[in-house]
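Input: a single structure, listed below in C-alpha cells.
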Amino acid sequence: MSLQPLFKNKLFMKVFASYSISMFGIYFDRVAIFLLFAYVWQERPIMLAFIAVAIALPQVIISPFAGVFIEHRNKVKVMLAADFLTALFTFSLLFITNTWLFLTVLMLRSTIATVHFPAEQAIIKHIVPETLVLRAVSLNGISAQVARIIGPVIGATLAAIYSPLLCLFINGVSLLFSSLILLSVAKEKTDFSHPSIREKQPFREDLQEGLRIILQTKTLLICFGYSFLGFFALQMVDVQFPVLFRLIAPEHPELMGWIMSFVGIGSILIYGLMSKQKKMLYPAKLLMTSFACLAIVFISASFLTSGFPLSVPLLMSIILGIGVGLQMFVAQTVIQKETTGDTIARVSSLYHAIINVSILVAPLIGALLVELFSIYTVLKGSGILLLFIGSALLLTHKRENQGHVEVTRHPSI
C-alpha cells in the first residue's frame, strides 16, 4: 500500500506540515541547550540532568490531566494555543543568563507542551482511516527523524560559529510557523472536539477510566511497562553523552550535533521499514530488538578513548537510533490500535506521563553515578541493565504465547 491516500488527505497533510516544522525547531533547540550548558557555561553533570528534569517534571504531573482536558475540546485549537505560548517562552530564554531561572522557564514551557502529544494522537485517530494508521505513524516518525538529522547538524554548526541562542530563536520562529498552519486547520468545518456523544464526566472519573483501560488491556500494559524500563536505562546515560565527549573530544563540540543527526538516520531506517508493513509486527519482539541495540551501543561507548575514529560514534549513533525508533514506533502504534476515539487522548497522555517519570528520575540517578564513579562505568551498567530487561521481556513473551493463543485483528504482545 502506498502513501498516496495520505498525501491526498488535506487535513492530515496540514497537521503533518505543522508537526514537521515544529520538530525541526525542537532539535535546533535541544542541541543549543545542551551545548549552552556543557560548553559555554561549563556546567557539572548534575546540571545537565536538571535539563531533563525541567522538561520531564511537568510531563509527569500534568500529562495525566492533559489528556482528559483536551478530550472535550477542539484538539487543533489546543495545539495552536500550545505552539504559540511555547514560542513566547522560547523567545524569553534568549534573555536569561541565570541557570536556575533558565531551567524554571524551561519547566513552564514544558508544562504548556504537555497537551501536544495526546492532541496530535487524537487528531490522527480522527482524520486518518484505520487502514492507514500504520503509515500515518510511520510518516510522522520519518518526519521527526529527518528533523533529527538536519536540525542538530545545522544547529550545532550555527551554535559553534555564532551562538547557541541563535538555535533557540530559530525554534521560536518554527513554532510560530506551526501555529499559522494550525490556524488554517482550525478554520476547517471539521469538528475536532470530543467525538463521542457520551456525557462529560468529572476529571477524576475520566482519569480512572484511562488507567483501567491500560490495566485491562494486556498489550498496553506490557508495552507501557517495558517501555518505561527501557527508557529508564536509556535516560540514565542519554544526557551524559556531552560529558563523555567533553572528556575524549573537547576540540569537537559539533560532534554532539552529528551524533543526534545519525541517531535520526537510524530511526528513519526503522520507520521506513515499518511503513512497508501491512500489519503490526509483534510489539514484544520489536521492543526486545530495541533493547539489544541500545545495550550494544552503551557497552561499546564505554570503551571509547581519546583519538577514536569519528566514524565509530557515528555508526553507534545509527544503531542507537534504530533502538530508540523501535520503542517510539511500538508505543505510538499500540496506542492507535488498542484505543478508541473516546479513549486515545487519555491513554496517550498517561503513557506520556509514565515515560516521563523515567526521564525525570533516571538522569538524576545517572548524573550521581557519573560523579561517584565515571561515565564509562555508568554506560556499562546501563547496557547490562537493558540486556536484563530484554531477557525479562523474552520470558514474558514466551509465557504469554504458551499460556494461550489470542485471535485478534492484529498481533498480541
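Annotations for the structure displayed:
- Within the set 81, 38, 87, 32, the sole residue that is small (Gly, Ala, Ser), closer than 25 Å to residue 170 by Cβ, part of a helix (DSSP H, G or I) and in contact with a Lys or Arg (Cβ under 8 Å, 6 or more places away or on another chain) turns out to be 38.
- Total residues in segment 44-103, condition aliphatic (A, V, I, L, M) and within 20 Å of residue 33 (Cα to Cα): 19
- Among the residues of segment 140-150, those that are surrounded by 21 or more Cβ atoms within 10 Å (Cβ to Cβ) and either touching a Lys or Arg at 6+ places or on another chain (Cβ under 8 Å) or of a type in the set (Val, Ile, Thr) (or both) comprise 142, 149.
- Pair list, Cβ under 7 Å, 6 or more apart: segment 64-87 residue in the same structural domain as residue 15 (by the TED database), other residue modelled with pLDDT under 85 and basic (Lys, Arg): 67/346; 68/346; 71/346; 72/200
- Close contacts from segment 156-175, counting a first residue that is of a type in the set (Ser, Thr, Tyr) and a second that is surrounded by fewer than 24 Cβ atoms within 10 Å (Cβ to Cβ), with Cβ to Cβ under 6 Å and a gap of 6+ residues or different chains, come to 174/21.
- Taking the numbered list (1) out of contact with any Asp or Glu (no Cβ under 9 Å at 6 or more places or on another chain); (2) assigned to a helix (DSSP H, G or I); (3) not aromatic (Phe, Trp, Tyr) in turn, residue 253 passes all entries but (2).
- From the options 222, 268, residue that is touching a helix residue (DSSP H, G or I) at 6+ places or on another chain (Cβ under 6 Å) and β-branched (Val, Ile, Thr): 268
- Pairs, first in the same structural domain as residue 120 (by the TED database) and under 12 Å from residue 124 (Cβ atoms) in segment 3-21, second polar (S, T, N, Q) and buried (at least 16 other Cβ atoms within 10 Å of the Cβ), C-beta under 7 Å, six or more apart: 16/140; 16/143; 19/140; 19/143
- Matching residues in segment 262-315 - criterion: being assigned to a helix (DSSP H, G or I), aromatic (Phe, Trp, Tyr) and modelled with pLDDT under 90: 262, 271
The values are calculated or read from the model by the stated rules, or taken from the named source; none is laboratory data. Bear in mind that the values here come from a model prediction, so they are computed numbers and not experimental data. Backbone-built Cβ (ideal geometry, glycine too); neighbour counts: all protein chains shown.
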